[in-house]
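Report on one structure; see the data block that follows.
None of the figures in this text is laboratory data; all of them are computed from the coordinates on show. Being a predicted model, the structure only gives us computed values, none of them experimental. Counting neighbours? That spans all protein chains shown, and the Cβs are built from the backbone with ideal geometry, glycine included.
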Amino acid sequence: MSDRRDFIKKAALSTIGISTAYVSANATTKGNITLLSNPLKDVKKPIIISTWNHGLPANEETWKQLKKGKPVLDAIESGMKIPEADPKIRSVGYGGFPDRDGNVTLDACIMDHNSDCGSVSFLQGIKHPISVAKKVLEETPHVMLTGEGALQFAKSQGFKEENLLTPESKKDWEKWLEESKYAPVINIENHDTISMLVLDESGNISGACTTSGAAWKMHGRVGDSPIIGAGLFLDNEVGGAAATGLGEAVIRTAGSAMVVELMRQGKSPFDACKEIVERIYKKHQNHKDMPYLQVGFIAVNKKGEYAGYSLRSGFNYAIYDNEKGNRMEDAKFKMEWK
C-alpha cells in the first residue's frame, strides 16, 4: 500500500512540475496574477471560410485585400461583392432568381469582432447589399433597415438604383409562371447564400452573408441571411458560425447563434454544426418543409479550427489559409438526397 501511495505522490509532483514549466514558458507574472500569453500565437492566420463554390473568388479577393493591409470589414465587403455582381450566380445579388412577382429582393448582413453589425433586408434595386449593410453598421445607430427604408438609406449614401433582373432570370421566372408551383429547391446545384467567416491576423473574427433568397418566394419574404443570430453570429471570445439553406428552418432554431454557444461550451466547430443540424432535423422531420429541406453551417473557433456540416449531401465550402491556399472542401452530412 505504501508503494502505491508513493507512486501517486510522485506522479502528482511530476504533473505539477510539467504544468509549472508550461505556465512559465507561456505566461508572465504581474504581482500575484499569472497572465497567459496569446493562446493564438501558433494559429496560422488569416483563415477565410465561405459557403459554396462562389466562395472561391470571394475568398481570393478578401485574402488579397487583407494582405494589402485593408481593414477586415473592407476586405470582406470586397470579397462578397464578387458573387453579388456575377449574374451567373442565380442566388446572390445581380441576376438572382426573383420573387413570385418578378422582383429581385436582397438580404445581407455584416458583423465585426466587437459585435457591431449592420443588416439590410427586402432591399430592391441595389446591386451590392453587403455594402449597404456595412453602411448601416458605420453610419446609423441601428442594426437592420428593410424594404423602402433600406432603399432610401442606400440612395442617401450614394448608391445607384438599377434593374437587377437579367434577361436569363426573367426568362426563368416567366417559365415558372406557367405553373406557379412553389416548391423551393435549395443547395442541390451548388447555388445558395454566400456566408463568410474570417479569423484575421490579430485573432479576431468577423463575418458576413449576402443572398437574393429563395426563388419564387412571396413578395416581402425575408430569410435568415440578414438576421444576426440566425444566418450569422459570432462572439470574439469563442468563434463564429454562418448558415446556408432554407432560411425558415434556420430562423426557427436561431441556428448560427446556437452553433457558437455550443462552441462556447467546449464543442469543436464540427460537433457544434452537427448538433444544430441534428436539432433542425428533429424539429422538422414531420414538417411540410421536410421534402426539400436543406441546411448547412460553417464555423471557425479562436483556435483556427473550422468545419462545415449539412443536413443533406451536396454542401461544400471554400477555405483559404496560409498552409494550403484557396480550395474547396466537402462538408459531411446526415443524409443523402432521395
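Placing a pseudo-label 7 Å from each Cα along the Cα-to-Cβ vector at Lys303 and Lys160 gives an inter-label distance of 4.9 nm.
Amide H contacts of His287 (H built 1.01 Å from N, in plane; Pro and chain starts excluded): no residue 5 or more places away or on another chain comes under 5 Å. With a simple spin-label model that places each label point 7 Å from the Cα along the Cα-to-Cβ direction, the separation between Lys181 and Asn326 comes to 4.0 nm. With contacts taken as Cα pairs under 8 Å and at least 6 residues apart, segment 219-337 reaches a relative contact order of 21 percent. Checking the cross-link pairs Lys181/Lys338; Lys134/Lys338; Lys68/Lys324; Lys67/Lys171; Lys68/Lys302; Lys302/Lys332 against a 30 Å limit on the alpha carbon distance flags Lys134/Lys338; Lys67/Lys171 as lying beyond it.
For segment 101-185, GluC sites (Glu not before Pro) meeting the loop criterion (DSSP other than H, G, I, E, B) and having at most 12 other Cβ atoms within 10 Å: Glu161, Glu162, Glu178, Glu179.
In straight-distance terms, cross-link reach from Lys155 covers every one of the aspartates and glutamates whose alpha-carbon lies under 19 Å from its own, apart from those fewer than eight places away in the same chain; here that gives Glu77, Glu84, Asp107, Glu138, Glu139. The residues Leu73, Leu232, when put in order of fewest to most other Cβ atoms within 10 Å, stand as Leu73, Leu232.
Would you mind classifying segment 47-335 by shape? Square roots of the alpha carbon gyration tensor eigenvalues, ordered a ≥ b ≥ c; an a/c under 1.5 is rounded, otherwise it is prolate if a/b is larger than b/c and oblate if not. In terms of gyration-tensor shape, oblate. For segment 62-123, trypsin sites (Lys or Arg not before Pro) are listed when DSSP marks them as loop and at most 12 other Cβ atoms sit within 10 Å of their Cβ; the list is Lys68, Lys88.
Cβ crowding within 10 Å, taken as a proxy for footprinting-reagent exposure, orders Lys283, Lys181 from fewest neighbours to most as Lys181, Lys283.
The length gained by stretching the chain between Glu139 and Lys64 to full extension, at 0.36 nm per residue less their Cα-Cα distance, is 24.4 nm. Here's the picture: charge each Lys and Arg Cβ at +1 and each Asp and Glu Cβ at -1 in segment 122-226, and of Asn204, Ser225, Leu151 the one pushed furthest to the positive end of that dipole is Leu151. Summing +1 for each Lys or Arg and -1 for each Asp or Glu among the other residues whose beta-carbon sits under 15 angstrom from that of Gly93 gives -4. Kindly identify segment 108-250 as rounded, prolate or oblate by the Cα gyration tensor criterion: order the square roots of the eigenvalues as a ≥ b ≥ c, call it rounded if a/c is under 1.5, otherwise compare a/b with b/c, prolate if a/b is larger, else oblate. Oblate shape, in that a/c is at least 1.5 and b/c is the bigger or equal ratio. Length gained on full extension, Arg100 to Met335, computed as 0.36 nm times the residue gap minus the Cα-Cα distance: 81.6 nm. Taking 0.36 nm per residue of separation and subtracting the current Cα-Cα distance, fully stretching the chain between Gln285 and Glu148 would add 45.7 nm. Sorting the segments 236-244, 330-338 by their residues' average number of neighbouring beta-carbon atoms within 10 angstrom, most packed first, yields 236-244, 330-338.
As a rough footprinting exposure proxy, the listed residues Thr193, Thr146, Thr62, Thr105 were ranked by other beta carbons within 10 Å of their own, and the order from fewest upward is Thr146, Thr105, Thr62, Thr193.
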